[in-house]
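The values are calculated or read from the model by the stated rules, or taken from the named source; none is laboratory data. The model shown is predicted, which means the values in this text are computed figures rather than measured ones. Don't worry about glycine lacking a Cβ; one is built from the backbone with ideal geometry, like all the others, and counts go over all protein chains shown.
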Amino acid sequence: MTTSVFYGAEKRLVDFISDEGAGNGPLTVKQLYDNLNTAIDTGVTLVQQINNSATSTNPNATFTNTPTNGNAMIAILCRAADNVASTGPAGWVQLTAQGSAGSRRLEIWWKRAGASEAKLHTWTNATSALWDLTMIEYGGIAATIDPVVVIGATNVTTNTTTTFAQSGFLSTICAVATGGAVTNFTNTGTNIETVTDLPFTTTGRFRAMNLDPWTNRESGQTNTISWTTSRAFTRAQVGWNPGTLDNDGTNLDNYVGNQTQTSQTIGAQMGFRFDTSALPNNDTIDTATISIRTGPSAGSVWPANSAVNAYSLAAASITASNSNTRAVWKKPSELAALTKVASRAAGASTSAGTVYTWTSESAFTGQVNKTGDTTILIATADQQAGTYRATGEFCALDPTAANHYLTVVHSPPVSTVTATVTVTPTVSDIVAYLRTIAATLTVTPVIATVIAYLRTITADLAVTPTITTVQAYLRTIATTLTATPAVAAAVTVLRTITATLTGTGSITATFQPFSAQVARIVRLAGRSTLKLTQIVTARLGGRSTIRAPKE
């Protein structure tokens, strides 16, 4: 047997609760698990958008369709000539606002649509000026969670580009208001699934874009939103998470599991990749164990009520890509469909910065990939069950991939003895063995006792093995046998003497046929009778004599 150790080649943490922009997102652990399919697969959907612009007081706009009860409504209000704040309609909440005196103002508002939501919404501003108002209705998970501020409204001096963070969010809206002459407003990044240019009338002054990132994008990816202007501007960004937080610093813990049901910080799972391609293809995997190092912080935690499990990803890549395939984070039904390969019990004693070898499942050996990568997903039993608790059930793991390792014990193929063996093994005790002696056998073996033993000796066997005990033995001697075995005793033997027998044994009287003119003597003892029946002629040749007694 050979023991091989493979250190982590890659690690990826995906947290669908925590948001990188504001530190805490609007989605709680309970909301995530109560709305899994919508939160993870559907995300935020843009339902409708409308724009209106005028030079007047009281900016307003009217939706084409009545907003759906529970959906989120976003309003982007821009002013061109001043920095006078507006008052929102009933129920609308201002997320962020900023401006520059005598030049521009940017405000972003939101409201949860009611059961009979109005189409027309009017802001109050007594100062007449050029305004441009865009309203958007969002569904999907936006009907459950509230939007947050990603980048607060900020004044920026002369600049031609700005960068909007996209990691950690399902969908975001970025908006700019300039002092004039925006000629090109485009997305130049590649980490966004779709980009929707939101409608503005005064496109030379105001622009907004809806950015919908891929769910499997790399944490920390950003998209650069560029435009050409020679004027200062005001920018802002709002949106919805969950996202893909990934703290890879050497002094940071990577938390896996669920925080409390009301928490907005931890709902994470972690993937590991081990390059096991060096294993010989023909070797048998005898055992496989995974060893995980806890986080470096003092008082490293471990869930008290939920085991932490390792699942096989069947060599699937854990690397983020611009796609909606969630390579790492899995829903309860998806976790249940994976093969669990190892686990560490709830409440296990844990110290910071310590390596612990987990308990392997029997299925682990079959999940080791001898031709490429072996990929593993770390998640809690609560996450597989879709359970959330009043207590936080999560563990702290080391963020460095190479601090975790996979140990594989493997053996080369075992040699097989073929059927061409030339030596017949000695059998000391045989039960239920039927033996057949082939017709070409030249020597009859001595058989003492046979116990119903079925044994076949092939015709080309050179040496007959000795069998010590035989009972109830059926023996067949072929007609070609050249030596007759000795029979010690015979009972009721029927003997036939054929017509060609040349000698008659055990006959007292002597009979010599009269032929060939040979002298013959017939002697009759006393009181003997020579009886000739019918017509008989007795011829005596030369020197023949019949002697009879004196009677």
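Tell me which residues, restricted to region 94-152, are of a type outside the set (A, V, I, L, M), assigned to a strand (DSSP E or B) and more than 20 Å from THR62 (Cα to Cα). Give the derivation first.
Pass one, region 94-152, residues of a type outside the set (A, V, I, L, M): 94, 96, 98-100, 102-105, 107, 109-112, 114, 116-117, 119, 121-125, 127-128, 131-132, 134, 137-140, 144, 146-147, 152.
Now restrict to residues that are assigned to a strand (DSSP E or B): 94, 96, 98-100, 104-105, 107, 109-112, 121-122, 124, 131-132, 134, 137-140, 152.
Matches in region 94-152: THR96, GLN98, GLY99, SER100, ARG104, ARG105, GLY140, GLY152.
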Kindly indicate which of GLY91, GLY102 is at positive phi and in contact with a strand residue (DSSP E or B) (Cβ under 9 Å, 6 or more places away or on another chain).
GLY91
How many of the residues in region 36-55 are more than 30 Å from TYR388 (Cβ to Cβ) and surrounded by 15 or more Cβ atoms within 10 Å (Cβ to Cβ)?
7
Could you tell me whether any residue of region 202-212 is surrounded by fewer than 22 Cβ atoms within 10 Å (Cβ to Cβ), at pLDDT 70 or above and not assigned by TED's automatic domain parsing to the domain that holds ILE145?
no
Can you give me the number of residues within region 64-78 that are within 46 Å of the chain's Cα centre (by Cα) and either among the hydroxyl-bearing types (Ser, Thr, Tyr) or closer than 18 Å to ALA232 by Cβ (or both)?
1
Qualifying position, being under 42 Å from the mean Cα position of the chain (by Cα), at pLDDT 95 or above and either part of a strand (DSSP E or B) or hydroxyl-bearing (Ser, Thr, Tyr) (or both), among TYR33, TYR7
TYR7
Answer with yes or no whether THR183 is at pLDDT 95 or above and either over 51 Å from the mean Cα position of the chain (by Cα) or crowded, with 22+ Cβ neighbours inside 10 Å (or both).
no
Residue in region 76-90 that is modelled with the lowest pLDDT, counting only those that are surrounded by 14 or more Cβ atoms within 10 Å (Cβ to Cβ) and among the polar types (S, T, N, Q)
ASN83
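Being β-branched (Val, Ile, Thr) and buried (at least 22 other Cβ atoms within 10 Å of the Cβ) is the filter here; which residues of region 248-274 pass it?
Of all residues in region 248-274, those β-branched (Val, Ile, Thr) come to 250, 256, 260, 262, 265-266.
Selection gives VAL256 alone.
Would you point out the residue of region 125-143, among those that are farther than 26 Å from ARG79 by Cβ and modelled with pLDDT of 90 or more, that is surrounded by the most Cβ atoms within 10 Å (Cβ to Cβ)? Quick ask: steps written out before the conclusion?
To start, the set of residues in region 125-143 that are farther than 26 Å from ARG79 by Cβ comprises 139-143.
From the residues that got through so far, the ones that are modelled with pLDDT of 90 or more too are 139-140, 142-143.
Details: GLY139: 20, GLY140: 22, ALA142: 29, ALA143: 19.
So the residue we want is ALA142.
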When every residue in region 10-20 that is buried (at least 22 other Cβ atoms within 10 Å of the Cβ), assigned to a loop (DSSP other than H, G, I, E, B) and not aromatic (Phe, Trp, Tyr) is compared, the one modelled with the lowest pLDDT is ASP19
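Taking the condition of a type in the set (Gly, Ala, Ser), under 30 Å from THR3 (Cα atoms) and not assigned by TED's automatic domain parsing to the domain that holds THR215, does SER306 pass? Even if it seems obvious, please write down each step before you answer.
On the way: of a type in the set (Gly, Ala, Ser): yes; under 30 Å from THR3 (Cα atoms): no; not assigned by TED's automatic domain parsing to the domain that holds THR215: yes.
Here the answer is no, as SER306 does not meet what is asked.
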Restricting region 275-297 to residues that are small (Gly, Ala, Ser) and either without any contact (Cβ under 8 Å) to a residue 12 or more places away in the chain or outside any loop (DSSP other than H, G, I, E, B) (or both), the residue that is surrounded by the fewest Cβ atoms within 10 Å (Cβ to Cβ):
SER291
Any idea which residue in region 97-111 is farthest from VAL148 (Cα to Cα), counting only those that are more than 46 Å from the chain's Cα centre (by Cα) and surrounded by fewer than 22 Cβ atoms within 10 Å (Cβ to Cβ)?
GLY102
Hey, ALA81 hits all of (1) in contact (Cβ under 8 Å) with a residue 40 or more places away in the chain; (2) under 48 Å from the mean Cα position of the chain (by Cα) but one; which does it fall short on?
(2)
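For a quick check of your reading: which strands (runs of 3 or more DSSP E) sit entirely within region 331-410 and have at least 3 residues that are farther than 23 Å from ALA315 by Cβ and hydrophobic (A, V, I, L, M, F, W, C)?
On the way: elements: 339-344, 355-357, 373-380, 393-397.
Output list reads 393-397.
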When the residues of region 56-75 are filtered to those that are buried (at least 16 other Cβ atoms within 10 Å of the Cβ) and in contact with a Leu (Cβ under 7 Å, 6 or more places away or on another chain), which remaining residue is nearest to ALA126 (Cα to Cα)?
PRO59
When region 112-133 is checked residue by residue, the ones that are among the small types (Gly, Ala, Ser) and over 53 Å from the mean Cα position of the chain (by Cα) are ALA126, SER128, ALA129
